[in-house]
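The values are calculated or read from the model by the stated rules, or taken from the named source; none is laboratory data. Bear in mind the structure is a predicted one, so any value in this text is a computation, not a measurement. FYI the Cβ positions are ideal-geometry reconstructions off the backbone, even for glycines, and counts take in every protein chain you see.
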Amino acid sequence: MLSSVFIRRPIFASVISIVTLIMGAIAYTALPQARYPNIAPPTIQVSAVFPGASASTIGETVATPLEQEINGVDGMLYMSSVSASDGSCVITVSFEVGTDLDTANVLVQNKVASAIPKLPEEVQRQGVLTKKQSTDIILYASIVAEKGGEYDALFLNNYAEAQLRDELTRVSGVGDIKTFGVGRYSMRIWLDPETIRSLGMTTNEVVTAIRAQNAEVAAGRIGASPAPAGQVFDYTVTTTGRLNTASEFEEIVLRTGKDGTLVKLRDVARIELGSESYNLASSLNGSPAATLAIYQLPGANAIDVADGCMETLERLSKSFPDGVDYKIVYDGTLIIRTSLAELQTTLLITIGLVILTVFVFLQNFRATLIPAVTIPVSLIGTFAVMLALGFSLNLLTLFGLVLAVGIVVDDAIVVVENVTRILDEEKLPPREAALKAMKEVSGPVIATTIVLLAVFVPAAFIGGITGSLLKQFALTISIATVFSSINALTLSPALAGVLLRPTSDRKNIVFRGFDAFLARVTSVYAATVKGLIAIWPLTVIAFLALVVGAGWMFTKLPTGFVPQEDEGYCVMNIQLPDAASAERTQRVLDRVAASAEEVGGVAEVLAIRGYSLLSGAASANAATIVVVFDPWSARTTEALGQTSIVRQLNGIGAGIQEGAVVAFPVPSLPGLGASAGLSLEVQDRAGLGFDLLQGAVDQYVFAANAQSGIGRAFSTFSANVPQVFVDIDRDKVLSRG
């Protein structure tokens, strides 16, 4: 019998338990911390840019060739693409849960490489980027300047790009960083059409001259071997390469006349230093800002990533120019830290209550010590196996440990009670009593463990997102149960043989009172059971009615994947009519942001013009507002809860006549969409065109809004954007050169 080895060698059992505790404690510090297991399908993002092209042109010339090549890559579930009017194309390829992202990235890159020759020349020149994508924004950090200071939004954005982005990208666990700001520094050249026409020039001639004279060249060396005999020096030749200032660009020569006259760029254009693009702009609480959205890599420790980014920002802020500072607008790990801390506290309280309950019923301090020791050994030892299996310390694994406390204590109690019974009834020495007790209960302990494993282990084999969500929960309980069974066969009998003594007949007044109360409750219960047995037909009918009633109520309960929780922030999407200018969008954005700042419970309002978080595309008529709430401790009333704040924000949106403004909470499960609720994709499988697709989408949205169970349905798809069509007479253009 296995237990006899440890009963006769209690120090051996103690050493094994101590080693288990040490391994578990080390593993606990190494376990990544997250809110939930990584359940979202891994994704690879392919992005390209076609400057000046319309969304339909990008869809036909860029997205379609890429999708045709990428389609069918190993492990792919589905893919979607967004072609925007700003010239961008983003294709998101989703893979099966559990797919290795590095392998998937290589496979997609190979497919993209075969599609590049089919893309327009300008797209090839800009490049096609393939990278691993994470949908988890761990931090929003804004770079702000003092109002009325010397630094504008353009400076802030470029400072963030040049001084912060690279440093933050090197933080372990950071997957991507998106900068929401005015744009990068660029030399803007405004051509005078009349002057160009009078000189008989074309824009291509100007562009060619700029490219030729604004380039880095290898000027060579003087005196390099082979050289004439007696060459003393070897010089590297340098020359002016890329131009940096507006005055240097003004001196670019466009044309040389026969008489030696020069036509320079300043003669036909106005040159100024500005932004590469003015499509995007961001502000924090009404002040211009450059905002960094920091994404974590899948599987990275969210808390370590956030701490690393904040330490980096704090270090870099010491060298910021005077009047420039940073602010963490939103920290996505706050809810993780708070949730894990509360659950860890709950776990400790549960262990304490279980030990107290055992003490009250056993009424023996020595007997209580055994489950008090075996519970931590089982739970802490579980951490070592969790680390080996690649689990994280999340709400589900900790919840599994909370439930496991009640399971792991049972095995220890079975051993302790049986040893105590033999000590009292048969008057055997403690070691002999432990040996005899284990002969009786070893089989039942193993059997109960197998039964519990049969309940939880199958849940780990459920497929899809549900299976990924339940896997760590089920296996954590199973691991703790196995450790509990091992302890019940090793440590518990060893301690029982050392610690337990026959029960004393002398009890204090508290225990005597508790025993009397328990006896009364037991007698009442016995009388109740006896009465129900006497009228067993009615008892059976009442039981069946209870079962039927419970089943009926079960069908009436609202269903959902996970409950929506207060995430500490929400998002507002602003959509103006098609072809609305950036100036119109900015005016509406300023009004909505100013009103949102006045809502109770709102701490920060981050406004981003030119980008829709819902569609993931940049557009002049779109904007996004990230509304960050006060800490949960400061929002204890229902009026300051997430539901109330979102309702008030939607009330503000309802008063905006210039466009559609929608406030929505973010999903509680990261990686499953941009908003809480249900997301659907309408496909044009027959190839009927964008106009008919737009009509189908509008009909679907109208029908959805007519449903009583749907709060609000909307779509960001628009196929009727007004455009200016230029009909070019190709023959005349070519005939005139």
Condition test on GLU96, is it charged (D, E, K, R), assigned by TED's automatic domain parsing to the domain that holds ILE58 and either surrounded by 15 or more Cβ atoms within 10 Å (Cβ to Cβ) or over 19 Å from the mean Cα position of the chain (by Cα) (or both)? no
For region 284-294, how many residues are among the small types (Gly, Ala, Ser) and surrounded by fewer than 24 Cβ atoms within 10 Å (Cβ to Cβ)? 3
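In this structure, does ASP325 turn out to be surrounded by fewer than 18 Cβ atoms within 10 Å (Cβ to Cβ), in contact with a strand residue (DSSP E or B) (Cβ under 8 Å, 6 or more places away or on another chain) and outside any loop (DSSP other than H, G, I, E, B)?
Values: surrounded by fewer than 18 Cβ atoms within 10 Å (Cβ to Cβ): yes; in contact with a strand residue (DSSP E or B) (Cβ under 8 Å, 6 or more places away or on another chain): yes; outside any loop (DSSP other than H, G, I, E, B): yes.
Considered against the rule, which asks whether it is surrounded by fewer than 18 Cβ atoms within 10 Å (Cβ to Cβ), in contact with a strand residue (DSSP E or B) (Cβ under 8 Å, 6 or more places away or on another chain) and outside any loop (DSSP other than H, G, I, E, B), ASP325 comes out as yes.
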If we ask which residues in region 388-447 are among the aromatic types (Phe, Trp, Tyr) and surrounded by fewer than 21 Cβ atoms within 10 Å (Cβ to Cβ), their number turns out to be 1
Of the residues VAL46, VAL62, only one is of a type in the set (A, V, I, L, M), crowded, with 21+ Cβ neighbours inside 10 Å and farther than 30 Å from GLY463 by Cβ; which? VAL62
Would you check if there is a residue in region 288-295 being under 29 Å from LEU398 (Cα atoms) and either in the same structural domain as VAL628 (by TED's automatic domain parsing) or in contact with a Gly (Cβ under 7 Å, 6 or more places away or on another chain) (or both)? yes
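Condition check ((1) surrounded by fewer than 19 Cβ atoms within 10 Å (Cβ to Cβ); (2) of a type in the set (Val, Ile, Thr); (3) in contact (Cβ under 8 Å) with a residue 40 or more places away in the chain; (4) within 30 Å of PRO298 (Cβ to Cβ)) across all residues:
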site: LEU613; (1), (2), (3), (4): no, no, yes, yes
site: GLY616; (1), (2), (3), (4): yes, no, yes, yes
site: ILE625; (1), (2), (3), (4): no, yes, yes, yes
site: THR636; (1), (2), (3), (4): yes, yes, no, no
site: ILE656; (1), (2), (3), (4): yes, yes, yes, no
site: SER668; (1), (2), (3), (4): yes, no, yes, yes
site: PHE702; (1), (2), (3), (4): yes, no, no, no
site: ARG712; (1), (2), (3), (4): yes, no, yes, no
Return the residues of region 122-166 that are without any contact (Cβ under 8 Å) to a residue 40 or more places away in the chain and either in the same structural domain as VAL49 (by TED's automatic domain parsing) or in a loop (DSSP other than H, G, I, E, B) (or both); say none if nothing qualifies. GLN124, ARG125, GLY148
Of the residues in region 99-137, those that are over 21 Å from GLY59 (Cα atoms), hydroxyl-bearing (Ser, Thr, Tyr) and either surrounded by fewer than 15 Cβ atoms within 10 Å (Cβ to Cβ) or modelled with pLDDT of 85 or more (or both) come to THR103
Identify, by number, the condition in (1) of a type in the set (S, T, N, Q); (2) touching a residue at least 40 places away in the same chain (Cβ under 8 Å); (3) touching a strand residue (DSSP E or B) at 6+ places or on another chain (Cβ under 6 Å); (4) more than 30 Å from GLY52 (Cα to Cα) that THR291 doesn't meet. (4)
Quick one: in region 474-505, of everything that is over 16 Å from THR397 (Cα atoms) and among the β-branched types (Val, Ile, Thr), which residue is surrounded by the fewest Cβ atoms within 10 Å (Cβ to Cβ)? THR503
Which numbered condition in (1) part of a helix (DSSP H, G or I); (2) in the same structural domain as PHE365 (by TED's automatic domain parsing); (3) touching a helix residue (DSSP H, G or I) at 6+ places or on another chain (Cβ under 9 Å); (4) hydrophobic (A, V, I, L, M, F, W, C) is the only one that LEU428 fails? (1)
Number of the condition not met by GLU248 [criteria: (1) surrounded by 15 or more Cβ atoms within 10 Å (Cβ to Cβ); (2) in contact (Cβ under 8 Å) with a residue 40 or more places away in the chain]: (2)
Pairs only if they're at least six apart or on different chains, beta carbon under 8 angstrom, first in region 368-394 and farther than 16 Å from SER478 by Cβ, second assigned to a loop (DSSP other than H, G, I, E, B) and of a type in the set (D, E, K, R); list them, first residue then second. ASN394/ARG35
